1. Provide the gained length on full extension for the span residue 174 to residue 27, in nm with one decimal, where the gain is 0.36 nm per separating residue minus the Cα-Cα distance.
2. What is the magnitude of the charge dipole of the chain about its Cα centre, with +1 placed on the Cβ of each Lys and Arg, -1 on the Cβ of each Asp and Glu, and no other charges, expressed in debye to the nearest 20?
3. Subtract the Cα-Cα distance of residue 88 and residue 54 from 0.36 nm times their separation in residues, and report this length gain in nm to one decimal.
4. Which length gain, in nm to one decimal place, applies between residue 295 and residue 112 when the Cα-Cα distance is subtracted from 0.36 nm times their residue separation?
5. Do any of 257/292; 257/280; 32/292; 231/329; 24/121 go past 23 Å between their Cα atoms, and which?
6. Have a look at 284, 12, 247 and tell me which one the Gaussian network model of the chain (Cα, springs below 10 Å) gives the largest fluctuation.
7. Residue farthest toward the positive end of the dipole of the chain, with Cβ of Lys/Arg at +1 and Asp/Glu at -1: which of 60, 36, 262?
8. For the chain, which span is the longest to avoid every loop-located (per DSSP) member of GluC sites (Glu not before Pro) having at most 12 other Cβ atoms inside 10 Å?
Amino acid sequence: MYFKREKELLLTEFRNRYPNEVYKLAFSRLLKPDPFRIISKEPNLLMLGTDERDLFVPFVRSRLERHEGCAELLDIGCSNGETTLLFADLLERGSAISYIDVNDAYLAQYHDTFSSMPGIKLKRGLKCDIDTLTIYSDDKTFDGNAFDVILSQHSIYFVSNLRGFLNWCLNKLRDGGSIFLVFADEAAGYTGRSVATFLEERDQVELERFRRRIELRHRVFSIVDSCVDCKSSEISIRRFLDRHDFTLASAVYQRSKLYGHTLSDIIALAFITALPWLEKYDITGKVDHVAKMISANPEFVSLSVELDGERKRMYSVIEPQVCLQITRKAS
Ligand SMILES: C[S@@+](CC[C@H](N)C(=O)[O-])C[C@H]1O[C@@H](n2cnc3c(N)ncnc32)[C@H](O)[C@@H]1O
């Protein structure tokens, strides 16, 4: 039996739950603040479940520091604002933020986070599903806006019309404005591999759909062998969109990871994906599949124990991410 105890432990948590409850329980492991740092009031709060933020926030910050203007910002898939708060000191006095999410609760929390912040104006919070084309085709949405900065951090997964989405974003930028796009390389990462191997054995149609989205992202952003080359990526995005009014100002591939205190945590993290919503299959089979995958082939997801650093002694799996800055230029 693979990880019998770890599976039982996790199933006591996940069994008889709705998909969004399973997702939330899994996600709670991801952005888990380090309690020791809270006690010692360390300003740089370490997240125990992932170092994605530790890596992409400096990327975005260093470019925002040099960015010409940050007066109008659009935050896509904004969540509760916790991440954007990490850039708030770089915004100009009087900066206006517009924000989009599908989840009402997040929009309300985002509002609470920023509404009392001096110097920042919350312009428009919009409940919208970025998977539908409505916002892209509705020219009145954010009419008159020419954003200096658009953030789309770990939200592109919910977009099925990549061309429509990128065009919409570019059209909403003023000349010299930038989109910051951050997303995980699901082909090489633990979460993507968990979903793909689960579907491989059960649902070829769904697997095809899942792979197609990832492959499109790889092709459009020219992600090859866990690398992204800025020049080739720019050529390929231009070809895909059939427009040249932008440059790819920066592109980096970061070897971020997911972390857990226990193997149950690691198995749980596979559920911050579409897995909870594959409702044809029961939760026991899903947990069993992930446990089997990591125990039979730990190298496939680089399952390790951290030997040093801030997350020493924690289990980790690979979850690389790509960070891009696309800057609009005069057409
Ligand atoms: C992984 S979180 C990233 C949050 C934030 N950008 C950050 O970097 O911390 C993904 C966000 O996308 C939102 N989201 C999920 N599906 C969406 C959809 N179809 N349309 C709009 N937002 C969506 C979620 O509610 C969540 O806030």
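Just so you know, all these numbers are worked out from the coordinates, no wet-lab data involved. This one's a predicted model, so the numbers in the text were calculated from it and none came from an experiment. Methodologically, a virtual Cβ is constructed for each residue, glycine included, from the backbone with ideal geometry; neighbour enumeration extends over all protein chains shown.
1. That works out to 49.4 nm of additional length.
2. Here the chain has a charge dipole of around 120 debye.
3. 10.6 nm
4. 61.6 nm
5. In this structure, 257/280; 32/292; 24/121 exceed 23 Å between Cα atoms.
6. 12
7. 60
8. Longest gap between qualifying sites, sites excluded: 69-200.
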